[in-house]
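Student: This is the structure, below, for whatever I ask next.
The values are calculated or read from the model by the stated rules, or taken from the named source; none is laboratory data. Just so you know, these numbers come straight off a predicted model, no measurement behind them. Note that we place each Cβ from the backbone using ideal geometry, even for glycine, and neighbour counts take in every protein chain shown.
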Amino acid sequence: MKLLVTGGAGFIGSAVVRTAIADGREIINVDKLTYASNLKSISSVAHNPLYQFEKADICSAGTMVKLLAKHRPDAIMHLAAESHVDRSIDRPSKFIQTNIVGTYQLLEAALNYFNTLDGEKRENFRFHHVSTDEVFGSLSMHDPAFTPETRYAPRSPYSASKAASDHLALSWFHTYGFPVVLSNCSNNYGPYQFPEKLIPLIVISALNKRPLPVYGKGENVRDWLHVDDHAVALLKVLDYGKLGESYLIGGDAERSNLDVVRAICSLMDEAQGFGPHEELITFVTDRPGHDHRYAIDASKIRNQLGWRPSVGFEEGLTQTVQWYLANQAWWQPLVKERYSGERMGLGTSKRTV
Ligand code: NAD
Ligand code: DAU
């Protein structure tokens, strides 16, 4: 299969690229290389004959039309997006542009290309739109987990932009018969995650003996999934998902933020041979509109596609902390160059240490 991936230099996209190439698929990675990207995350496959890279912006329909005509993929997996909630609160415009307008431009170009296909190539073509559980909004501790039937109720500029893009993708299926599959996943963690997200931010801050910023009281709950398990699930949905349907992907690992931060602190105590790193925990002003809890009912992908997570959260977190400690050359330049001027993870808004 020749698969065109958008956002393949990002955290999840790079895991998809590595997994798909190991699987023997040909990959065309289309990425604009924003601040969140890192080509070093795919250096292991950069010289593989199955891999090609195109630096391009999904917002340019003309460029997308040309790339699709040039590479003639069998499928598209669309991951390119602005992905950090705090940045969407501080400056929403890029989220509207990339996540909504960019998805629209890509859909236009892809439909155009699809309409040039015939026979088996047309019958087997797929457009996989990769989305998030955040489109379903916020749960209380007693609410049942999200299912594919849960009503959309996004509450941040990021989740609203992703919800809009989900609706656009499915409307292309219903209106134009464009072969779309959709997936909504919970919080990913693992190697190569940009250090503005909770887990790498806490590891790196703890290593540098800096305050560990926990928003509000740390009671918000996320469901954590290892990124490599997500990559496998995405390829399953691409290969076997029913057209026009959505698959919810989760790790069955709900944890409060404070529990996650404390777990990282005790792993750091062990790794460094001193502590307690917990003394660095600092409660800071909450994220505006902070969704309380996300939880996924993944029975559809489990029962219909035979997928389940293979990495338990405690095992995956231990490996992840070790990875960040062993791979400082990967993240140091991101912290120094691209992130200077902003305190790690706090963006420019009101949250203060
Ligand atoms: P990321 O921020 O790490 O990477 C995004 C990638 O997209 C980067 O390489 C960036 O350069 C590229 N990109 C951004 N704008 C682009 C544009 N206009 N044209 C081409 N490329 C562009 O994101 P991630 O965490 O890997 O998330 C990938 C996708 O998965 C997103 O759609 C996100 O909404 C979704 N998702 C993420 C999570 C998570 O926990 N991180 C969970 C569920 C779903
Ligand atoms: O649920 C899927 C989503 O998970 C994806 O769609 C997003 O792209 C991804 O960024 C992630 O969103 P979150 O907002 O949940 O992830 P983040 O790592 O930013 O925050 C995780 C939790 O930790 C959240 O409740 C906010 C909190 N937090 C975060 C940071 C950066 C803190 O308490 N302190 C921090 O410094």
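Student: Identify all residues within segment 45-74 that are assigned to a strand (DSSP E or B) and either charged (D, E, K, R) or modelled with pLDDT under 95 (or both); write none if there are none.
Tutor: Selection gives 54, 55.
Student: Output the residue which, of all residues in segment 285-309 that are near ligand 2 (Cβ under 10 Å from one of its atoms) and surrounded by fewer than 18 Cβ atoms within 10 Å (Cβ to Cβ), is farthest from residue 201 (Cα to Cα).
Tutor: 292
Student: Can you name the condition, by its number, that residue 143 falls short on among (1) out of contact with any strand residue (DSSP E or B) (no Cβ under 7 Å at 6 or more places or on another chain); (2) within 16 Å of ligand 2 (Cβ to nearest atom); (3) in a helix (DSSP H, G or I)?
Tutor: (3)
Student: Turning to a different aspect of this structure: Filter segment 78-110 down to the residues that are more than 25 Å from residue 290 (Cβ to Cβ), surrounded by 17 or more Cβ atoms within 10 Å (Cβ to Cβ), more than 17 Å from the chain's Cα centre (by Cα) and not hydroxyl-bearing (Ser, Thr, Tyr) and list them by number.
Tutor: 101, 105, 106, 107, 109, 110 - these are the residues of segment 78-110 that are more than 25 Å from residue 290 (Cβ to Cβ), surrounded by 17 or more Cβ atoms within 10 Å (Cβ to Cβ), more than 17 Å from the chain's Cα centre (by Cα) and not hydroxyl-bearing (Ser, Thr, Tyr).
Student: Also, I was wondering about something else. It is to be established whether one or more residues within segment 160-182 are within 16 Å of ligand 1 (Cβ to nearest atom), out of contact with any strand residue (DSSP E or B) (no Cβ under 6 Å at 6 or more places or on another chain), of a type in the set (Ser, Thr, Tyr) and assigned to a helix (DSSP H, G or I).
Tutor: Yes, the conditions are met somewhere in segment 160-182.
Student: Being assigned to a strand (DSSP E or B) and within 16 Å of ligand 1 (Cβ to nearest atom) is the filter here, so list the residues in segment 210-241 that pass it.
Tutor: 221, 222, 223, 224, 225, 226
Student: With of a type outside the set (Gly, Ala, Ser) and touching a residue at least 60 places away in the same chain (Cβ under 8 Å) as the only criterion, which of 267, 243 stands out?
Tutor: Of the residues listed, the single one that is of a type outside the set (Gly, Ala, Ser) and touching a residue at least 60 places away in the same chain (Cβ under 8 Å) is 243.
Student: Condition first: aliphatic (A, V, I, L, M), surrounded by 22 or more Cβ atoms within 10 Å (Cβ to Cβ) and modelled with pLDDT of 95 or more. Can you find one or more residues in segment 271-281 that meet it?
Tutor: no
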